[in-house]
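**Q** Mind looking over this structure? Questions follow.
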Amino acid sequence: MKKKFIILILMFMSLPFLFGSTSYNYSYHGEAIHSSPGMNFASYLNPQILGVSYADPKDFVVYEDHIYMIARDASPGGANTMIIVMDENFEVVRTVKQFGLTPEYEQYVQSRVSDTIELINEFFDDFFLDKEFYPGQKLPMTTTDPFINVAKLAWTSSNVNFITNAGVTSNGSEEVQTVTVSVQVSLWAEVQTFEYEVNISAPVVGLEAGSADNTPWTVAEDFSVEQFNEIVGSDFNDLSYETFREIIEVNRNEDVTIREFILDGYKFTFQEETVEDEETGEEIHVFTNIVVQEVLEETGSTPTEVHGSLFQSPYVLNGSSGIEVHESGIYVADTGNNRVVKLTHDYEVVDAFYDIEDETFKEIAFQPLKITVDPSERMYVVANNVFEGILELDSDGSFNRYTGVNPIQLTPFEVLRRALMTEAQKARLDRFLPTSFTNVTLNDKNFIYATARARDESTEGMIQLINPRGIDVLKRNGYHPPMGDIVYVESLNNYVIDGPSSLIDVAVGKHGIYSVLDEKRSRIFTYDGEGNLLYINGDQGEQSDKFTKGVAVTYYGDNLMVLDASGTIVIYSPTEFGTSVNRAVELHSEGEFEEAALVWQDVLRLNTNYEIAYNGIGKYHLRVGNYKEAMENFKLGHDQYYYSKAFVAYRNEIIKDNFGLIMFGLLVIAIAVPVFLNREKIFKKGRGEK
């Protein structure tokens, strides 16, 4: 009871910091303490102010004083992703919804047309080859191909009595009927025609095929299971069941009113009634309207050999999630089209990267989410459902490697438990997957800043700085590792936001300063290059100075901008306190330690709770040799490392300044101790000589 009472008291004290507007920071001891705000609300933008109809924004970047944002077109008839460009005055200078192709890229697409048409032909050739279709089945004779859904198809049947031009089959005879169907395939002004022989089997009493997609089969209760397997290609156990009546009797649930069940990948629906047997007079169950239809598994997005969006003209973006603007062009993570699109600065498509030659993408489709580009035009991509790390792609889209692999840390208990398990037991365990990255951006040294989600409440590696070797070199010399909120409620109830921060973007400022965005509590955490938490800003709410679910953050000069899922852009500018902190960090990074110390003094006048300011002052005193003053400041700033360095230096200084006196004292001790220990002999010898 006492423990619960203490937890409630701590929660009550933490509530202002968990979801209130109070500005706070974290002390050395991990306590949420009041702090002056580093940033204040300055302005906001929304679709009404900008005069553009958009929704569901996903990302924005700043390039040469222009802001590039991607969002869904919310105008009448709009559904695709568009690019919105704003100037330094936050005026919209361009919206782009469709993208033409450069002559070189258009020529490349044209070179793929013939091969793609042949793939379509191979698809239908394999579909019709050596098969008999049951009367009533609908063939995939659609106006667009079912393979990539881009080529235009025109079908013609040699006998519409057996196969209509829409693909509906029929056969009133007792013999198999063979019909020739031809299809004209049109793609990018190239037209080819193909013919196929299609066999329509004779109908069987007790079985009917529906003309809907994924054929629904209506069967009589006494229809043979073995015969059904032969006609449909199903795999029901015809040794256990002779008729469909037996299947239903064994698998139906008599306790429910819904007459359906799933068996061997097929869904059964039926009606049941009780009638009197004419011969015995006993009540029996009769099953009617039995419909059997295959259940298609939800496989999600799977890789394909050819992508239909390759042949768009003009190109459109679909569900795009990330954008990067570089000297070499504009890069868009076009998630819905499974590609990265590279545009010129005139918004023409110069290239599109689809297929990644790695084993991972033999099982799942390539769905890029976020992207950044280095000076050599290498692309670093965060992809959906990829846990191996960040994809590094060459300038031509070829796969290089995974970088920044986020390893799993198993506890010693888990290691021991797995060592004692059988392979079957291991297979039943939940998969241990590394945490997935959420965003990437480059700093001025071409190191990758990356954010990642916490995994199973583990907050390790939520922010990383990845060097060219793929190693995380982020400095974590602050009171606490950079991870967003240090104090949070752990799975308590539905009324308080629980769990660690959910970091979904990182913005790189000047002089090693960077900010990360927490979508869970609508917070922005700003750190210096050493990993010190400088300040926290941002509030959750519907008002114009708040945001509900941030999706992106970026610096615009000294200001910070947050893009909210609602479509609002919230702009923050530094306060006097924030400006002083940033200035002190800047001076320290440039080696102006004395000036930095003076600014840190100003910071303390603005916020006496700001403990890391003492460390900045202490480093100046340490550098100029004021070791005692350095120790005092490091003690106030709780910096044990630099306190130890200052202490050693101060001790050495004392020894040096008093070396003569110390040596004289040691000499006196060296003489006095032997004399004292041998005083009786010395005195006896003296008395004996007398």
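**Q** Cut-off under 18 Å on the C-alpha distance; same-chain residues fewer than 8 positions from LYS645 excluded. Which aspartates and glutamates are left, in chain and number order?
**A** GLU530, GLU629, GLU632, GLU653
**Q** Let's test the formula: R0 of 35 Å, r as the Cβ-Cβ distance of ASN229 and ASN253. What FRET efficiency results, to the nearest 0.05?
**A** Numbers: r = 24 Å, r/R0 = 0.69.
With R0 = 35 Å, the Cβ-Cβ based efficiency is 0.90.
**Q** Using the charge dipole of the chain (Lys, Arg: +1 at Cβ; Asp, Glu: -1 at Cβ; taken about the Cα centre), state which of ILE163, ASN678, ASN384 has its Cα farthest towards the positive end.
**A** ASN678
**Q** Where does each of 158-166, 352-360, 336-344, 133-141 land if you order them by average Cβ count within 10 Å, highest first?
**A** Numbers: 158-166: 15.6, 352-360: 17.3, 336-344: 23.0, 133-141: 19.9.
Listed from highest to lowest mean packing, they are 336-344, 133-141, 352-360, 158-166.
**Q** Explain nothing, just the number: relative contact order of region 578-657, from Cα pairs under 8 Å at least 6 residues apart, as a whole percent.
**A** Working: 86 pairs, mean separation 16.3, N = 80.
The normalised contact order for region 578-657 reaches 20 percent.
**Q** Also, quick follow-up: What distance in nm separates the simple spin-label points at THR269 and ALA42, each placed 7 Å from Cα in the Cβ direction?
**A** Result for the modelled spin labels: 6.0 nm.
**Q** With +1 on the Cβ of every Lys and Arg and -1 on the Cβ of every Asp and Glu, and nothing else charged, how large is the dipole of the chain about its Cα centre, in debye rounded to the nearest 20?
**A** Numbers: 53 positive and 104 negative charges, 1457 e Å.
Magnitude of the dipole: close to 7000 debye.
**Q** Farthest toward the dipole's positive end in region 111-294, which of VAL219, GLN177, VAL232, given Cβ charges of +1 (Lys, Arg) and -1 (Asp, Glu) about the Cα centre?
**A** Ranked along the dipole, the leading option is GLN177.
**Q** Taking volume of the Cα convex hull per residue in Å³ as the quantity of interest, determine which of (1) 302; (2) 282; (3) 247 was computed from the displayed structure.
**A** (1)
**Q** May I ask what percent, to the nearest 5, of DSSP beta bridges between residues of the chain are antiparallel?
**A** Values: 131 of 136 bridges.
Roughly 95 percent of the beta bridges in the chain run antiparallel, per DSSP.
**Q** Normalised by the number of residues in the chain, what is the relative contact order in percent for Cα pairs under 8 Å and 6+ residues apart? Intermediate values should be presented prior to the final figure.
**A** Working: 1346 pairs, mean separation 81.8, N = 690.
So the answer I get is 12 percent.
**Q** So if we plug the beta-carbon distance of LEU119 and ARG623 into 1/(1 + (r/R0)^6) with R0 = 56 Å, what FRET efficiency do we get, rounded to 0.05? Intermediate values should be presented prior to the final figure.
**A** Numbers: r = 69 Å, r/R0 = 1.23.
Efficiency computed from Cβ-Cβ geometry: 0.20.
**Q** Among rounded, prolate and oblate, which fits region 49-90 when a ≥ b ≥ c are the square roots of the eigenvalues of its C-alpha gyration tensor, a/c under 1.5 means rounded, and a/b larger than b/c means prolate?
**A** Values: a/c = 2.95, a/b = 1.78, b/c = 1.66.
Verdict is prolate for region 49-90.
**Q** At 222 nm, what value in deg cm²/dmol follows for the chain if DSSP H runs of at least 4 each add -39500 (n - 2.57) and the sum is divided by all its residues, to the nearest 500?
**A** Numbers: 15 runs with 176 residues, N = 690.
-8000 deg cm²/dmol, from helical runs alone.
**Q** Next up: If I require 15 Å or longer along the helix axis, counting alpha carbons, and a Kyte-Doolittle average no lower than 1.0, what helices from the chain are left? Use full DSSP H segments.
**A** Working: long enough: 2-19 (25 Å, 1.64); 113-128 (23 Å, 0.36); 576-589 (20 Å, -0.29); 593-606 (20 Å, 0.49); 612-624 (19 Å, 0.02); 640-657 (25 Å, -0.71); 659-677 (27 Å, 2.78); 679-689 (16 Å, -1.93).
Span-like helices, by this rule, are 2-19, 659-677.
**Q** For a 18 Å ceiling on Cα separation, which of these pairs sit above it: LYS58/LYS370; LYS510/LYS619; LYS58/LYS445; LYS445/LYS619?
**A** Values: LYS58/LYS370 10 Å; LYS510/LYS619 21 Å; LYS58/LYS445 26 Å; LYS445/LYS619 25 Å.
Among LYS58/LYS370; LYS510/LYS619; LYS58/LYS445; LYS445/LYS619, the Cα-Cα distance tops 18 Å for LYS510/LYS619; LYS58/LYS445; LYS445/LYS619.
**Q** If you don't mind, another one. In nm, give the distance between the simple-model label positions of GLU357 and LEU666, each being 7 Å from the Cα along the Cα-to-Cβ direction.
**A** 7.0
**Q** What ranking, highest mean first, results for peptides 514-520, 589-595 when packing means the other Cβ atoms within 10 Å averaged over each residue? Walk me through the intermediate numbers first.
**A** Details: 514-520: 24.1, 589-595: 13.4.
Ranked from most to least packed, the peptides come out as 514-520, 589-595.
**Q** A further question follows. 7 Å from Cα along Cα→Cβ at both TYR28 and VAL92: what's the point-to-point distance in nm?
**A** So the two model labels end up 5.3 nm from each other.
**Q** Can you figure out the FRET efficiency of ILE284 with GLU175, using R₀ = 35 Å and their beta-carbon distance, to the nearest 0.05? Write out the running numbers ahead of the final one.
**A** Details: r = 38 Å, r/R0 = 1.07.
The calculated FRET efficiency here is 0.40.
Bear in mind these aren't lab numbers, they're just calculated from the coordinates by the rules spelled out. What you see is a predicted model; the values in this text were computed from it and never measured. FYI the Cβ positions are ideal-geometry reconstructions off the backbone, even for glycines, and counts take in every protein chain you see.
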